[in-house]
Structures are given as C-alpha cells and as structure tokens.
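Enquirer: Handing you a structure now.
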Amino acid sequence: MDRIALEGGVPLKGDIPVSGAKNSAIKLMAASLLTSEPVRLTNMPRLADTRLLGRLLQRFGTQITETNGPDGHQETLLHTPEITSAFAPYDLVRQMRASFNVLGPLLARTGHAKVSLPGGCTIGARPVDLHLKALEALGAHIDMHEGYVFAQAPRGLKGAEIEFPFVSVGATEHALMAAALAHGTTVFKNAACEPEIVDLAECLNAMGAKITGAGTPTIVIEGVASLKGTDWAVICDRIEAGTYALAGAAMPGSEVRLTKVRPELIGILLDKMRQAGCEIETTADTVTIRRGQERLKAVDITTEVYPGFATDLQAQFMALMTLAEGESTVRETIFENRFMHVPELGRLGANISVLHGGEAKVTGVEELRGAQVMATDLRASACLVIAGLAARGETVVNRVYHLDRGFENLEGKLSACGANIRRIKGNDPIEEE
Ligand SMILES: CC(=O)N[C@H]1[C@@H](OP(=O)(O)OP(=O)(O)OC[C@H]2O[C@@H](n3ccc(=O)[nH]c3=O)[C@H](O)[C@@H]2O)O[C@H](CO)[C@@H](O)[C@@H]1O
Ligand SMILES: C=C(OP(=O)(O)O)C(=O)O
C-alpha cells in the first residue's frame with residue numbers, strides 16, 4: 001500500500017486549481033444510465049472512485065471513453081445504448097457508498113435491479129432506509145436478502161409525494177434520478193440542498209428532465225418518458241477547495257490562491273477561517289488565503305447540512321485548530337463516528353478529547369511533531385496531511401488509498417506550492433522496514 005511522506009514546516013506559496021467534485025461526478029455518471037444516448041462529462045476528476053464506478057457501469061453495458069480535455073481535465077463519454085445487466089455485485093458496491101445510487105437509474109430504465117448493499121467511508125452506520133422508502137413510494141417493490149436489494153417496477157415508476165424525515169444527500173439524489181423517468185409528478189419535501197444536488201438536477205434537465213426547486217427543500221419533478229444525451233461540466237469540488245484553503249493556512253507565512261473555484265460554496269468555512277485570523281480575498285472564481293506570522297485563534301464549529309459547515313471539512317478544520325491559541329469545540333452532527341482522526345492527530349502531539357454526543361474539545365498546542373499516522377477515511381487522510389504540513393519533522397501517512405478516492409493529484413498540487421511531499425509506492429523498501 002502506498003504512503004505519503006511529508007516534511008512539515010514549509011509555508012505554502014502558489015496557485016492550486018480546484019478539480020471537479022467527486023461527489024457530483026459519481027452521481028452524474030450514474031445518471032448517464034437513464035438514457036440510451038451518450039453523455040459527455042467534462043471537468044472530471046481523475047480519482048479511484050470515478051474509475052471504480054466506471055468499472056461498475058461497464059458491467060451494465062456502458063461504453064466509456066476517457067480523453068484529455070483542452071483544460072487538462074479528463075472528459076468522460078458514457079454511452080449505455082442498452083442495459084445488458086442490472087446486477088451490481090458486492091465486490092464493486094462495497095468499496096464506495098455512492099455506487100448504490102445505480103439502483104434507481106437501473107430500475108427506472110429496465111424495471112428491475114439487483115444491487116448489493118453499499119460500503120464507503122466507515123464514519124457511521126450509514127443505512128439506506130431513506131433511499132429504499134423513496135423508491136417504494138415511487139412504486140418499486142423492494143426485497144432484501146443475502147446482502148442484496150432486489151427491486152422491481154415492471155410497469156414503471158409512478159410520481160409521488162415524498163417527505164424525507166431528515167435530510168439525506170444520497171437519498172435525495174437517488175430519488176431524483178428515479179423520479180425523472182416516473183409517470184406523473186413527484187414532489188420532495190425536506191430535500192437536501194447541497195450544490196451537488198443542483199448540479200445533478202441541472203444535468204438531468206439538460207437531458208430533458210423537468211425538475212424545479214433543486215437547491216431548496218422542495219423539489220418538483222414532472223416525469224418524462226425518456227431522456228437524451230448531453231454535455232455537462234462537473235461542478236467544482238467545494239470539499240477539495242476547502243481542504244486546500246485550510247492547507248494554505250497551516251503554516252505561518254503561507255499564501256495560496258485557489259483557482260477554478262466558486263467561493264460562495266465554501267462561504268461558512270471562509271468565515272470561520274477569517275475569525276481564526278486568516279486573511280481571505282475572493283473573486284468570482286478564485287480564493288486567496290494569506291496567513292501571517294501570528295498564531296491562529298481557536299474557533300468553534302458545528303457540522304450541518306448545506307449551507308452549514310460541511311462534515312466533509314470537519315477533520316481538516318480540526319487539524320488547523322490543533323495549533324490555534326485557546327480551546328475550540330468541534331461538534332459533528334451528521335455522522336456518529338467521524339472522529340477517527342483524533343487519535344492519529346494525537347500521535348503528532350495534538351491535545352484533543354472526544355466527549356459524548358459528537359463533541360470534541362481541541363486545546364491548541366504550540367507545536368506538532370512529525371510521526372507515522374494512519375489514514376482512517378478519506379477526509380481524515382486530508383486532515384493528517386494538513387497537520388503534517390504544519391508539524392516539525394517528517395510525517396508519514398499510511399493507507400493513502402483513502403486519499404486517492406477523492407483528491408486528484410494531491411502531491412502534485414501541494415508540491416507546486418513548495419510542500420515537501422512525496423509518495424512512497426507500496427513496494428518501496430522503506431515501507432517494508
Ligand atoms: C458520495 C457522497 O456524496 N457522499 C456525501 C454524502 O453522503 P451520504 O449521501 O451518504 O450522506 P447522507 O446525507 O445520506 O447522510 C446523512 C445522515 O443520514 C443518515 N442516513 C442516510 C440515508 C439513509 O437512508 N438513512 C440514514 O439514516 C446517514 O447515516 C447520515 O447520518 O453526503 C454526506 C453529508 O454531506 C457527505 O459527508 C458525503 O461525502
Ligand atoms: C464520506 C465521503 O464519501 P462516501 O460517501 O463515498 O463514503 C466523502 O466524500 O467524504
């Protein structure tokens with residue numbers, strides 16, 4: 001398994017281009033199953049998750065062509081003239097939660113599907129009950145045995161009113177794709193409002209769907225008989241952007257400019273960073289982060305659904321707070337087990353106690369020192385990289401396959417800003433020591 005080694009203590013200086021969003025790209029790829037015509041996705045991030053989903057889609061009969069776009073980003077052409085199999089096996093679905101979202105499109109297009117229960121980051125129990133209830137409300141018959149969901153709707157799906165008992169990004173997206181091809185009108189209440197939902201709804205509309213209200217809690221979908229192909233540029237990755245904004249604040253004297261970004265998507269994070277003492281300037285598509293020589297101040301955060309503080313940035317923000325002056329409280333309200341980075345930050349010398357009820361107290365220390373640490377999930381890995389950038393000496397992050405799921409060319413982007421970071425390949429003798 002690969003590792004990342006970094007020598008901390010170097011201020012970052014330079015530009016970091018933000019890639020297309022993983023959490024949008026994978027849903028857009030799944031949405032391409034809804035049409036027999038080609039869908040071309042541009043601004044695609046090159047990630048383990050998009051590759052893995054590509055392999056899954058190929059099993060259903062999707063032809064995939066990847067090319068380099070004029071802007072250096074990948075373009076992916078997905079074409080599923082016919083669904084040749086509606087079976088998603090455990091081995092592929094267990095590796096990534098969002099791959100479960102192929103169920104709705106397969107069902108809407110063919111009237112049946114057999115999909116394994118999903119895996120993904122182990123940050124909580126993460127059931128799929130809301131996904132299944134929404135598909136049932138749309139008229140699907142659902143059975144579950146041997147770890148698989150068997151879904152049937154031989155006469156097609158029917159529009160319905162669906163009130164989500166609490167906000168779920170995945171369930172909203174899943175039901176949105178299925179409802180696009182249902183007979184009649186579907187209304188969602190208490191839908192998720194994340195920018196990736198808007199990206200998906202707008203792409204579906206470009207494919208001929210009739211969706212209004214995406215980005216608000218009430219979404220109305222007038223089902224259509226079929227969808228057509230389209231060209232669609234994946235929205236920028238607000239979590240990647242936020243991660244590099246925080247990396248740019250890790251060392252005194254840093255100045256990092258994020259490009260190809262929509263600053264409004266990380267508004268709350270930037271406010272918190274300003275409160276902590278960072279200087280931040282934005283234009284329509286850039287964010288510049290300047291960190292002076294002073295110590296940052298402790299700031300509290302509570303994770304919330306969009307537009308609140310993103311749970312996917314909680315670990316990275318905590319990394320910054322480990323060196324801030326004072327005590328900050330980090331409250332995680334979305335996932336019940338998303339503090340696995342805490343003991344790893346402790347190896348670097350951070351002083352954090354996890355309290356009951358999804359709360360952690362971070363008491364800022366004067367210095368972190370490099371150590372061997374283990375990446376436990378995707379965003380926790382990024383948190384360890386940020387802490388490593390600020391630590392004295394060498395930090396080695398093990399199990400970086402988590403990082404490769406969601407960060408395109410992380411070492412390249414950070415090295416371009418002066419970071420002393422390198423990948424140790426799995427068969428490198430240092431790893432065997
Ligand atoms: C691939 C992708 O886009 N992943 C994102 C998506 O995950 P994901 O779509 O899995 O997150 P959800 O919004 O669905 O989960 C929110 C909460 O609802 C619970 N829940 C969800 C569905 C369900 O059927 N039953 C249920 O109980 C979950 O366990 C969690 O506690 O949104 C999360 C919240 O912004 C992000 O952290 C993830 O990065
Ligand atoms: C939790 C994440 O991914 P997934 O939902 O695929 O596990 C994430 O992107 O931070």
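Enquirer: How much length, in nm to one decimal, is gained on full extension between Glu281 and Asp91, taken as 0.36 nm per residue of separation minus their Cα-Cα distance?
Expert: Working: separation 190, 0.36 × 190 = 68.40 nm, distance 4.50 nm.
The span from Glu281 to Asp91 would gain 63.9 nm if fully extended.
Enquirer: For Phe100, Phe166, Phe87, what's the fewest-to-most ordering of other Cβ within 10 Å of each Cβ? The partial results should precede the final answer.
Expert: On the way: Phe100 25, Phe166 9, Phe87 13.
Ordered by Cβ neighbours within 10 Å, fewest first: Phe166, Phe87, Phe100.
Enquirer: According to the square roots a ≥ b ≥ c of the eigenvalues of the Cα gyration tensor, what is the shape class of the stretch 22-233, taking rounded for a/c under 1.5, prolate for a/b larger than b/c otherwise, and oblate for the remainder?
Expert: Values: a/c = 1.33, a/b = 1.17, b/c = 1.13.
It comes out rounded by the Cα gyration axes.
Enquirer: Still on this structure: How far apart, in nanometres, would the label points at His356 and Gln63 be if each is projected 7 angstrom from Cα along the Cα-to-Cβ direction?
Expert: A separation of 6.1 nm, rounded to one decimal place.
Enquirer: Let me ask something else. Which log10 I(q)/I(0) values, to two decimals, does the chain give at q = 0.07, 0.10 Å⁻¹ under the Debye formula with one point per Cα?
Expert: -0.34, -0.69
Enquirer: A further question on this structure: Rank these for me by crowding, Ser226, Ser99, going from fewest to most other beta carbons within 10 Å. Provide the component values of the computation, followed by the final result.
Expert: Values: Ser226 12, Ser99 26.
With the fewest neighbours first, Ser226, Ser99 line up as Ser226, Ser99.
Enquirer: Could you check the spin-label model distance between Asp15 and Thr302? Points 7 Å from the Cα along Cα→Cβ, value in nm.
Expert: For the pair Asp15/Thr302, the computed spacing is 4.0 nm.
Enquirer: Could I ask something else about it? Between Met1 and Gln293, with labels modelled 7 Å along Cα→Cβ, what's the label distance in nm to one decimal, could you check?
Expert: So the two model labels end up 4.2 nm from each other.
Enquirer: Here's something else I'd like to know. Among Arg262, Arg257, Arg51, which comes first, second and so on when ranked by fewest other beta-carbon atoms within 10 Å?
Expert: Details: Arg262 17, Arg257 20, Arg51 13.
Exposure proxy ranking, most exposed first: Arg51, Arg262, Arg257.
Enquirer: Further question on the same structure: Excluding residues fewer than 8 places away in the same chain, name every one of the aspartates and glutamates whose C-alpha is closer than 18 Å to that of Lys228.
Expert: Partners within reach: Glu37, Glu82, Asp199, Glu202.
Enquirer: Determine the gain in length on full extension of the stretch Thr259-His145; use 0.36 nm per residue of separation and subtract their C-alpha separation, reporting nm with one decimal.
Expert: Working: separation 114, 0.36 × 114 = 41.04 nm, distance 4.72 nm.
So the chain would gain 36.3 nm between Thr259 and His145.
Enquirer: Continuing with this model, one more query. Normalised by the residues of the chain, what does the relative contact order come to in percent, with Cα pairs under 8 Å and at least six apart? Walk me through the numbers on the way to the answer.
Expert: On the way: 1094 pairs, mean separation 91.0, N = 433.
Once normalised by length, the contact order is 21 percent.
Enquirer: Can you list the lysines whose alpha carbon sits under 21 Å from that of Lys22, skipping same-chain ones fewer than 8 residues off?
Expert: Output for Lys22: Lys260, Lys413.
Enquirer: I've got another one for you. Can you give the convex hull volume of the alpha carbon atoms of the stretch 8-52 per residue, in Å³?
Expert: Values: hull volume 4.0 nm³, N = 45.
Considering the Cα atoms of the stretch 8-52, their hull volume per residue is 89 Å³.
Enquirer: Specify whether the C-alpha gyration tensor of the stretch 29-82 places it in the rounded, prolate or oblate class, a ≥ b ≥ c being the square roots of the eigenvalues: rounded for a/c under 1.5, otherwise prolate if a/b is larger than b/c and oblate if not. Don't skip to the answer; put the middle values down first.
Expert: Working: a/c = 2.36, a/b = 1.47, b/c = 1.60.
Oblate, since a/c reaches 1.5 and b/c is not below a/b.
Enquirer: Go ahead and estimate [θ] at 222 nm for the chain from helices alone: -39,500 (n - 2.57) per DSSP H run with n ≥ 4, summed, over the residue count, rounded to 500. List each step's numbers first, then the result.
Expert: Values: 15 runs with 131 residues, N = 433.
Theoretical 222 nm ellipticity from helices: -8500 deg cm²/dmol.
Read the figures in this text as sums done on the coordinates, not as results from a lab. Here the structure is a predicted model, which is why all the values come from computation and not from measurement. Methodologically, a virtual Cβ is constructed for each residue, glycine included, from the backbone with ideal geometry; neighbour enumeration extends over all protein chains shown.
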